[in-house]
């Protein structure tokens, strides 16, 4: 008896189709179970479906830097803005460039859009500046006592001792003409931290040297007459003056600025030249102090930033209020002005009357405040949930119509085979839905309107794979073969066609995902995902199910409603080989 020839066995589980069906059933049960265990039973929706806020930022040319707007700086700004938004817990936010100068920030519903807008729109450079003078803001002119002079209380008046001048004025006074104490101005916030080996040890050696005195320090130089005039006229309760204060100033300039450490009240400052920039901050975050249980902001500087911070804190820690404060200035506004208690280096803590929100906001600003460009908020568009629900409803209706047309076509043309196709479509739909729902919390995938369109297009792609296989089987029957051999002989040719077709679709989706940005990527991602699932369903469900159905009487007999009727398909009789018997040749006549 001759041994059987070696070769590849029939794919799809000809002998054991139940194994493939059991495998895909287990996968469906596992995904569905994970869906309910995670608590995310519906896909996460994008802004255009669930509602949200879209912010458009336009990059601005900086003085002396006409070529600052370039791809490198724009990409850096996108990364920083994205981290700043995600620092608010908005993992599904979209931040991408549009053209050469614009950045689009999409924030979905369910986020504090006002808070996110404030942090996204606040995109100027972050600086640490020493405080020279601080005063409660109002339209009042400076008092004759000089409490509003830029040099602050460190400059003695005629007839007044230096000791009396060093004592901060207005600690017990009220009103806009008084100079608040450091605690009143900063809500009692102070900078502290454990001393490292690089930190100077407080003691007698830390007494101010002549070069460290306010008169000799660059940050304590008397302000110019122009600066005094600006400070006297500044009214931080006026939104226009508040937004314009400190704008377009160089880091080496002394400036006037506004701040609001207490809700509903404003302070105006005279600030010295910037000594530390936001790029010198390596990390900052809000945290709870273990000993006191209060919220604080912990900061960690880079190696270069630590040296700068040590220099400024060494000097400020030996000054009297308010000149022992440094202001954290972002976009020309003082976001915090803590006082310095000790000289610090790499690590520091800002403590005071923080709650969780204010501590996390300040930590987020410190971490991601330094941008390579300045931006102007061009537009803010809000998509309501009602409009999003209408778009989602329209997309679902379009999908239902497309699915209904496919079902009608399959039933009319393929009859009994339509049962296999519909079950395959159902399995593909379950896998697609559960995976997209799980990808929401896993990678922040949000289903937007183009993604819904991609899912609708995928219905046709999936149905096309079934049609290719069914037509191959019917071709085998037309050649006179019975159903079971036809199913197995048709599979290798159909398999090659399906794989080539799905590869082209997946390649197109991958290229589209790479070269596009924003919502178009949602279409490409969904199209690529459903194309991969099409291969899985055809190999592990459609082919094994077809093998099992071929063993039933309904399909094997080829009835008119099976879709495999040989007569309706115009089948030819089986080809039979016959041997030719050569007739004996007659001898040629001589």
Reduced to Cα centres, the span from segment 532-562 to segment 298-369 in Å works out to 70
With the Cα gyration tensor of segment 245-307 in hand, give its eigenvalues times 5 under a square root as the equivalent ellipsoid semi-axes, listed largest first in whole angstrom.
-> 26, 21, 8
Have a look at segment 432-504 and give its Rg and Dmax from the Cα atoms, expressed in angstrom.
-> 17.4, 54
With no solvent and one point on each alpha carbon, what is the Debye value of log10 I(q)/I(0) for segment 407-560 at q = 0.09, 0.13 Å⁻¹?
-> -0.33, -0.63
Burial ordering of 474, 129, 415, fewest other beta-carbon atoms within 10 Å first = 415, 474, 129
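Give me the one-decimal Kirkwood hydrodynamic radius in Å for segment 275-434, with the sum taken over alpha-carbon pairs.
Numbers: mean 1/r = 0.0474 Å⁻¹.
It works out to 21.1 Å.
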Measuring from label point to label point, each 7 Å out along Cα→Cβ, what is the residue 302 to residue 443 span in nm?
-> 3.2
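Counting other C-beta atoms within 10 Å, which of 495, 315 has the fewest, and how do the rest follow?
Details: 495 20, 315 26.
The fewest-first ordering by Cβ neighbours comes to 495, 315.
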What FRET efficiency comes out for the pair residue 288/residue 225, r = Cβ-Cβ distance, R0 = 60 Å, nearest 0.05?
-> 0.80
Mind checking Rg over Rh on segment 487-569, alpha carbons, Kirkwood formula for Rh?
-> 1.18
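Work out how much length residue 423 to residue 76 would gain on full extension: take 0.36 nm times their residue separation and subtract the Cα-Cα distance, in nm to one decimal. Write down the numbers at each step before the final one.
Values: separation 347, 0.36 × 347 = 124.92 nm, distance 4.85 nm.
That pair, residue 423 and residue 76, stretches by 120.1 nm at full extension.
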When 504, 334, 134 are ranked with the fewest other C-beta atoms within 10 Å first, the list becomes 504, 334, 134
Once both label points are put 7 Å beyond Cα along the C-beta direction, the residue 28-residue 396 separation in nm becomes 2.2
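Taken together, the values in this text are just the output of simple stated rules run on the coordinates, not laboratory data. Just so you know, these numbers come straight off a predicted model, no measurement behind them. Cβ coordinates were reconstructed from backbone atoms using ideal geometry, including for glycine residues, and neighbour counts include every protein chain displayed.
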